[in-house]
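For reference, the structure is listed below as structure tokens.
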Amino acid sequence: MPPAHVLVTGAAGRIGRAATELLMNRGIRVTALTLQNDPPIRADRVLVGDATDPDAVTEALEGVDAVVHLAAIPHRDAGKPYDVYRTNVTSTFNVLSQAGEHGIRRAVIASSINAFGVPMNHHEVAPAYFPIDEQIPADIDDWYSLSKQSDELTAQMVARRWGVDVAALRFPIVESAAALLRISERAELDPATRMREGWSYLDLRDAAEVIYRSLVAEWTGAVVVGLSAADTLVTRPTAELVREYAPGVEVHGQLAGREPLIDTSRARDILGFTPKYSVHDERPDERPDERFDA
Ligand SMILES: NC(=O)c1ccc[n+]([C@@H]2O[C@H](COP(=O)([O-])OP(=O)(O)OC[C@H]3O[C@@H](n4cnc5c(N)ncnc54)[C@H](O)[C@@H]3O)[C@@H](O)[C@H]2O)c1
């Protein structure tokens, strides 16, 4: 059963706007909690407030039966280390613990591929193996990745303490189709820059869909879910990319064609989600109005 009324935090952001729109289009009431409402968010209730503020979250949770928590500073370098870490972990603790105390039974939070620490690591590191799965050893030396790892622990605590089911979605880079085209063109020219993420990505429309699936699918507990499009950012065969740009990284199993280097079996088996959109299906000349957004 879909929830009747969902709180979306960070609703003015990239993923927040896409998720809010999709939920509204599917007939779910949305309360949006946002630091800014410009341009205005289309939601049933818009509250301008801070997700780290206990009173703002209490007000936002009124009448709500599920939570999608996306508010965060979304990059290591988008703020001072203290501000990035504090905002991310405090907002997640505040939203999830209050959801638990309000008797809310389902929550979705934005974790990140960075929860395992390698992509934003300042040192010369590589994943322990490919495909990257949810058990891959972490190698964290930055505050953003640490915040996402901490958020996943908060999700476990809240599931145990209050019986809230929490899906922590490990998003890879998520962008509009137009922005992904540009990122893909750059990755094609210099594949080494995207090796640590296994050249993964996810279209914004698929990100909104997996949030919806997480709200309606049948699962329980605290689950961490790896995500990716069904191919990589570059057009070369995946095995060739690994041989050339990650020769020391152990590969589990056979790599066929342009298959992704993220293990997405949990997303499929637990959430019933398979990605629909590929950046390689996009035609820049057919999307003139979106070509330079984001
Ligand atoms: N887009 C990606 O590539 C990507 C990848 C992995 C994980 N994520 C995660 O997904 C979530 C959404 O990311 P996004 O790409 O939409 O980022 P975004 O920056 O577009 O959106 C985040 C929103 O959160 C808001 N926000 C920040 N601090 C807040 C606070 N204290 N209270 C209320 N709102 C606050 C911001 O104002 C912004 O509107 C984040 O948790 C991010 O870490 C994003």
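The values are calculated or read from the model by the stated rules, or taken from the named source; none is laboratory data. Just so you know, these numbers come straight off a predicted model, no measurement behind them. Positions of Cβ are backbone-derived with ideal geometry, glycine not excepted, and every protein chain shown enters the neighbour counts.
Answer yes or no: is there a residue in segment 19-42 that is closer than 26 Å to ILE140 by Cα, in a loop (DSSP other than H, G, I, E, B) and either of a type in the set (Phe, Trp, Tyr) or at pLDDT 95 or above (or both).
no
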With (1) assigned to a loop (DSSP other than H, G, I, E, B); (2) more than 16 Å from SER112 (Cβ to Cβ) as the list, and SER228 as the residue in question, which single condition is left unmet?
-> (2)
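Does ASP165 satisfy the criteria of being touching a strand residue (DSSP E or B) at 6+ places or on another chain (Cβ under 7 Å) and more than 15 Å from the ligand (Cβ to nearest atom)? It would help to see each step written out before you state the result.
On the way: touching a strand residue (DSSP E or B) at 6+ places or on another chain (Cβ under 7 Å): yes; more than 15 Å from the ligand (Cβ to nearest atom): yes.
Yes: the conditions hold for ASP165.
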What residue, of VAL6, VAL84, is touching a residue at least 24 places away in the same chain (Cβ under 8 Å), closer than 25 Å to ARG170 by Cβ, within 11 Å of the ligand (Cβ to nearest atom) and not basic (Lys, Arg)?
-> VAL84
Within segment 227-253, the residues that are over 13 Å from MET195 (Cα atoms) and either in contact with a strand residue (DSSP E or B) (Cβ under 6 Å, 6 or more places away or on another chain) or modelled with pLDDT under 95 (or both) are LEU227, SER228, ALA229, GLU250, VAL251, HIS252
Log entry, pairs with first residue in segment 109-121 being farther than 22 Å from ALA222 by Cβ, second being assigned to a helix (DSSP H, G or I) and within 8 Å of the ligand (Cβ to nearest atom), beta carbons closer than 8 Å, six or more apart or on different chains, reads PRO119/ILE113; MET120/ASN114; MET120/TYR144
Go through segment 253-271 residue by residue and tally those that are assigned to a loop (DSSP other than H, G, I, E, B), out of contact with any helix residue (DSSP H, G or I) (no Cβ under 9 Å at 6 or more places or on another chain) and either surrounded by 11 or more Cβ atoms within 10 Å (Cβ to Cβ) or of a type in the set (Phe, Trp, Tyr) (or both).
-> 2
Residues of segment 95-117 being under 19 Å from the mean Cα position of the chain (by Cα) and more than 8 Å from the ligand (Cβ to nearest atom), in sequence order, are VAL95, LEU96, ARG106, ALA107, VAL108, ALA115, PHE116, GLY117
Just a yes or no: is a residue in segment 68-80 closer than 28 Å to ILE140 by Cα, more than 12 Å from the ligand (Cβ to nearest atom) and modelled with pLDDT of 95 or more?
-> yes
Flag for SER214 being under 15 Å from the mean Cα position of the chain (by Cα) and polar (S, T, N, Q) = yes
Pull up segment 20-49, narrow it to residues that are touching a residue at least 24 places away in the same chain (Cβ under 8 Å) and within 9 Å of the ligand (Cβ to nearest atom), then point me to the one that is surrounded by the most Cβ atoms within 10 Å (Cβ to Cβ).
-> LEU33
